[in-house]
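One structure is given below, encoded as structure tokens.
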Amino acid sequence: MRQIKTALLAYGGSGKLFHAPFLEVNEGFELIGAYERSKKNIQTDYPNVKSFNSLEEVLESDAELIVVNTPIDTHFDFTKKVLEAGKHALVEKAFTTTSDEAEELHKLAKEKNLKLCVYQNRRYDSDFRTVKKVLEEGYLGEIVEAEIRFERYNPELSPKAWKENGNPGASILMDLGSHVIDQALTLFGNPEKVFADIRRTRENTQIDDYFDILLYYPDKRVRLKASFFVKEMTPSYVLHGKKGSFLKHRGDIQEDELKLGKVPNRENWGTEPEEKTGLLVYNDRVLNFPTFQGNYQDFYDDLYNAIVNDKKVPVTAKQAFHTMKVIEAAKESSEKEEVICLE
């Protein structure tokens, strides 16, 4: 089996938790190192890999795939350099800070005949996979309304300056918003209009930390919410159709397991506890719907197949472009306090 030599552009939270563990155990990839600007930590966890001292050193290496897992406002410049160096790119969410940047990178990858993929790992969460299955099976009939929430109780400002200093990539809309928007577009397609309320709720914050977005479709409405002041969690997915309803709490355990240092596997990884089973109500029946297994390993399997067998990447730059268009429309809507039409 051919291995894809892969390098990270950072070894902080995302590199250590969401990328390196899966690259290390997936036989299709070989993690060769990470660009570390100050702290040199990767060799403590992976002694046989390299700590690169510069971006240029990474670009000149034999890496075939480079993971751009740096702050959002650097994604465009770094990804452009990766593609110009003839490397495939996997870019963390949010893909870019503007839709124009997303479109430019999409075109560049096509010109270079390179794979450009966006790391929307939440498509591979157990809860989202379960919601997707319920819709595909048609239990609910035609959907009338849906709600997706990604909420936390975290009133303190992040110690990471780049997350709080007001740069173009710093906001809850770019962070959690890119996840729930991507999930909504994956389930229901691109909306016609957007209405949004975006606010700052934490003391001394410089960034938006609350949003309530309404996506308009011809036959349905989809509401997306995120906040840092939710102590009692309500269901993260609420779907109402003409035949029934489905309610599901956010229950994916992969991030928590990774923080504990657990190594991902192919058997029981990403298996939710039974008490987080979703509630399905249809045809006068009320039942607990079994939760599907989540596994970010599947994302890397799909990416491997895209690179080696020239298949479609699991999350395309064009899909991320549409996510950015919704983000831009939400910002405009909140500023003008009006509904914004998407082209």
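Key figures for this structure:
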| quantity | calculated |
| --- | --- |
| Additional length obtainable on full extension of the chain from Asn190 to Lys242, 0.36 nm per residue less Cα span | 16.6 nm |
| In degrees, nearest ten, helix 99-112 long axis to first principal axis of the chain (Cα) | 50 degrees |
| Where Cys117, Cys341 fall by accessible area, highest first, once all protein chains stay in place (1.4 Å) | Cys341, Cys117 |
| Heavy-atom surface of the chain, accessible at 1.4 Å and reported per residue (Å²) | 46 Å² |
| Around Gln43: net Lys/Arg minus Asp/Glu count, Cβ-Cβ under 12 Å | +1 |
| Net charge of Cβ neighbours under 14 Å - reference Asp219; Lys, Arg +1; Asp, Glu -1 | +1 |
| Interchain or long-range residues, amide H under 5 Å from Leu8's placed H | Gly33, Ala34, Tyr35, Val67 |
| Karplus 3J(HN,Hα) series, Hz, for region 214-219 with 6.51 cos²θ - 1.76 cosθ + 1.60 (x for Gly, Pro) | 10, 9, 9, 10, x, 10 |
| Region 219-274 - convex hull of alpha carbons, volume per residue in Å³ | 154 Å³ |
| log₁₀ of I(q)/I(0) at q = 0.09 Å⁻¹ - the chain, Debye sum with one point per alpha carbon | -0.49 |
| Using θ = phi - 60° and Karplus 6.51 cos²θ - 1.76 cosθ + 1.60, couplings along region 242-258 (whole Hz; Gly, Pro as x) | 6, 10, x, 9, 9, 10, 8, 6, 5, x, 4, 9, 4, 4, 5, 5, 5 |
| Helix 75-84 axis, angle to the chain major axis (alpha carbon atoms, nearest 10°) | 50 degrees |
| Shape parameters for region 99-163, alpha-carbon atoms, Rg then Dmax in Å | 18.3, 46 |
| Euclidean distance between Cα centres, region 33-97 to region 249-306, Å | 29 Å |
| Phe321 accessible area, assembled protein chains, probe 1.4 Å, Å² | 30 Å² |
| Cβ-derived FRET efficiency at R0 41 Å, Tyr216 paired with Thr44, nearest 0.05 | 0.25 |
| 222 nm mean residue ellipticity, helices alone, for the chain (DSSP H n ≥ 4; -39,500 (n - 2.57); rounded to 500) | -9500 deg cm²/dmol |
| Protection-proxy order for peptides 225-233, 12-20, each taking the mean of Cβ atoms within 10 Å per residue, highest first | 12-20, 225-233 |
| Degrees separating the helix 296-309 axis from the principal Cα axis of the chain, which is the longest one | 60 degrees |
| Carbon and sulfur %, accessible surface of the chain computed with the full protein complex present, 1.4 Å | 45 percent |
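The values are calculated or read from the model by the stated rules, or taken from the named source; none is laboratory data. It should be emphasised that the depicted structure is a prediction, and the values quoted were computed from it without experimental measurement. Every residue, glycine among them, receives a Cβ derived from its backbone with ideal geometry; neighbour counts consider all protein chains shown. Ligands, DNA and RNA are stripped out before the accessible areas are found, and what is left, the full protein with its side chains, is counted by its heavy atoms. Shrake-Rupley method; radii C 1.70, N 1.55, O 1.52, S 1.80 Å.
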